[in-house]
């Protein structure tokens, strides 16, 4: 990016995105709208209306190994396995994205699904990526420019790999550290799923023994925006108690809705934390792994 442009690395406001668009800085906006129960809904919503100039990134087809375009092995288990970094960088290049660009990601679902692309770009070593604070709803409410229709052809570019800025841990590592002060497992699922009272997606209900529960939507205020840094910092401090924030490993159902908690900790000034990418869907696939309820 031009030296005069300071990259956005966590959140970006509607006004800041508009200013960035007007500046002519290299920029790509990604619409990551998705629905776990209706996987085709995100693309339909995008075609109906999206931020002008945005491209579409589908959780199943573009941000996990479900698509045949990712020929390499998945790097983790679970319902949304990550593609190899090289495969994902190749997809980004096909979309026209290169390392000199600012990426902005958004969705229509409480800034949940777009966090996946935010995290994956950090995983590739690309720091200039930010979540649009308030998502699609904030953009429309502010009168931001929109358009409709399927995305047109893209001019290919090249996206290089750099050392990961955020990384994941594997199930075996999480299991080996259970009960130790060196690891604090944070579960982003809804309380009823955490307690094992319901489980709509995976074959086993419950949670990883010793895990703490912070549903990802607790990071969002009544205005639809991420809570201020000081409020997030106080909430995480109350949850963690004497536990070191640096020991936190985040998880959820399939490694997606855990990411708003990762982002919130960074906004709160608590530093980078790890993702258990396979999350509960990978954990419960092995009957030898312990399960807690309640």
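What follows draws every value from the coordinates through simple rules; no lab data is involved. On a predicted model such as this, the values are computed, not experimentally measured, just so you know.
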- prompt: For the stretch 91-134, what is the per residue volume of the convex hull drawn over the alpha-carbon atoms, in cubic angstrom?
  reply: 70
message: Under the √(5λ) rule applied to the eigenvalues of the Cα gyration tensor, what semi-axes describe the equivalent ellipsoid of the stretch 61-183? Give them in Å, descending.
response: 28, 20, 14
field: Rg(Cα)/(2.2 N^0.38 Å) for the stretch 204-243, N = residue count
entry: 1.40
- request: Determine the distance separating the Cα centre of the stretch 1-67 from the Cα centre of the stretch 77-125; give it in Å without decimals.
  value: 10
task: Please list the equivalent ellipsoid semi-axes of the stretch 140-193, computed as the square roots of five times the alpha-carbon gyration tensor eigenvalues, in descending order and whole angstrom.
output: 40, 23, 11
- request: Quick one: among 176, 148, 254, which has the greatest mean-square fluctuation in a GNM of the chain with alpha-carbon springs under 10 angstrom?
  value: 176
field: Percent RCO, i.e. relative contact order, over the stretch 11-147, from Cα pairs under 8 Å lying at least 6 residues apart
entry: 32
message: Connecting C-alpha atoms closer than 10 Å in a GNM of the chain, tell me which of 275, 263, 45 has the biggest fluctuation.
response: 45
query: Counting DSSP beta bridges with both partners in the chain, what percentage is antiparallel, nearest 5?
result: 15
- prompt: Based on the inverse mean of 1/r over its pairs of different Cα atoms, what is the Kirkwood hydrodynamic radius of the stretch 118-215, in Å?
  reply: 17.9
field: Fluctuation leader among 278, 149, 110 - the chain, Gaussian network, Cα springs under 10 angstrom
entry: 149
query: Using helices alone, what [θ] at 222 nm do you get for the chain, with -39,500 (n - 2.57) per DSSP H run of 4 or more residues, divided over all residues and rounded to the nearest 500?
result: -7500 deg cm²/dmol
task: Kindly provide the pair-distance distribution of the stretch 168-283 built from C-alpha pairs, with 10 Å bins from 0 and whole-percent values in order of increasing distance.
output: 14, 49, 31, 5, 0
query: Over the stretch 168-283, what is the relative contact order in whole percent, taking alpha-carbon pairs under 8 Å and six or more residues apart?
result: 33
query: So what is the relative contact order of the chain, in percent, for Cα pairs below 8 Å that sit 6 or more residues apart?
result: 20
task: Could you run the Debye sum over the Cα atoms of the stretch 1-135, one equal point scatterer each and no solvent, and tell me log10 of I(q)/I(0) at q = 0.10, 0.17, 0.21 Å⁻¹, two decimals?
output: -0.30, -0.90, -1.34
query: How compact and how long is the chain, expressed as Rg and Dmax of its alpha-carbon atoms in Å?
result: 18.4, 55
